[in-house]
1. For a test of the definition: using alpha carbon positions, the gyration tensor, and the 1.5 limit on a/c, classify the range 13-284 as rounded, prolate or oblate.
2. Excluding residues on the same chain fewer than 8 positions from LYS152, give the lysines whose Cα lies under 17 Å from its Cα.
3. Suppose R0 equals 45 Å; then what is the FRET efficiency for ASP273 and ILE28 from their Cβ-Cβ distance, rounded to the nearest 0.05?
4. Taking K and R as +1 and D and E as -1, what net charge do the other residues with C-beta under 12 Å from the C-beta of GLY286 add up to?
5. Does the range 1-90 come out rounded, prolate or oblate, given a ≥ b ≥ c as the square roots of the eigenvalues of its C-alpha gyration tensor, rounded meaning a/c under 1.5 and, failing that, prolate meaning a/b above b/c?
6. Determine the distance separating the Cα centre of the range 1-36 from the Cα centre of the range 57-113; give it in Å without decimals.
7. In nm, what is the difference between 0.36 nm times the number of residues separating SER183 and THR225 and their Cα-Cα distance?
8. Please calculate how many Å² of accessible area the chain carries per residue, with a 1.4 Å probe and no DNA, RNA or ligand atoms counted.
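The values are calculated or read from the model by the stated rules, or taken from the named source; none is laboratory data. These numbers were taken from a predicted model, which means no experiment stands behind them. No Cβ is skipped: glycine too gets one built from the backbone with ideal geometry, and neighbour counts run over all protein chains shown. For the accessible areas, the whole protein counts, side chains as well, though only heavy atoms, and no ligand, DNA or RNA atoms are used. Shrake-Rupley method; radii C 1.70, N 1.55, O 1.52, S 1.80 Å.
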Amino acid sequence: MKAETRSDYQFINVTPYAAMVGAEVTDIDLSRPISGEVREELLRAHGEFGVLFFHDQTLSPDQHIDFAEAIGHINVNRFFKAVDTHPRIAEVRKDPDQKTNIGSRWHTDHSYDQEPALGSILYAHEVPQQGGDTLFASMYAAHDALSDGMKKMLGSMRAVHTSRRNFGKQAYGNIKDATDVGSRLGNVDAATQDSVHPVLITHPVTGRKALYVNDTFTVKFEGWTEEESKPLLDYLYAHAVQPEFTCRFKWRKGSIAFWDNRCTWHKALNDYDGQMRLMHRITLEGTALS
Ligand code: SIN
């Protein structure tokens, strides 16, 4: 049975995509200006569902920027290659001869920043015939399924996040074939961000609690060593990606995913060697988390 369109959204059509995360928004043309009511409902749905999917959109890079600016303020990623003509848009690209892709480990964008990104808007320019789907996981669901004892303990803890490990010099030592990364990632000297955030945050729009550590950027719990932190972090990473908490988005050319970095993780599948995948990503500024 098809999920029902939600009746509590008046200005946009929102249909849940999976039980715990994601919704599809239909009958909207994002190349055109959006009204204040539509913006407000998009942001409400974004916080509620964690990721919004749109299909069959035709956006020039300027229109992609216009949509992003209608929603919030653009935060330029320091490490991804930018689109040549549009420095505020990051290119997420894998050529047919490349083996590695960008974003293949579960993560949430920019958690190494003091004020982590609110969300990202990824637009599909070219997609493989098969493969290249993106997985999303609900960190509300991950939080809610923890025991009361674990919630109590984590509720008083904070965790350290860094850009150094993933984007600094050491990252390239860890990649088997650093030349395969080519010019897609760079600016290693700018990988100096460290931040500390609560392990459980309260989402600023929904007021719901979400788990806020991730396998890519979180290093340890504040006041703990990395060795002490690892077993509990590994437990949380496995807990958070139970299939029930996830959805899998199949892209078409012209699809958009607009995800909320505060209550979801995502992971780009790398199962399309020999084919091209080209996406444009704009990330939006967020606020400090508490
Ligand atoms: C990303 O992590 O921003 C990329 C996600 C994707 O390519 O599906």
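1. oblate
2. Filter leaves LYS209.
3. For ASP273 and ILE28, the calculated efficiency is 0.85.
4. Numbers: positive: ARG262; negative: ASP109, ASP113, GLU115, ASP260, GLU285.
In short, -4.
5. prolate
6. Between the Cα centres of the range 1-36 and the range 57-113 lies a distance of 23 Å.
7. Numbers: separation 42, 0.36 × 42 = 15.12 nm, distance 3.42 nm.
Length gained, SER183 through THR225: 11.7 nm.
8. Numbers: 13170 Å² over 290 residues.
For the chain, the per-residue accessible area is 45 Å².
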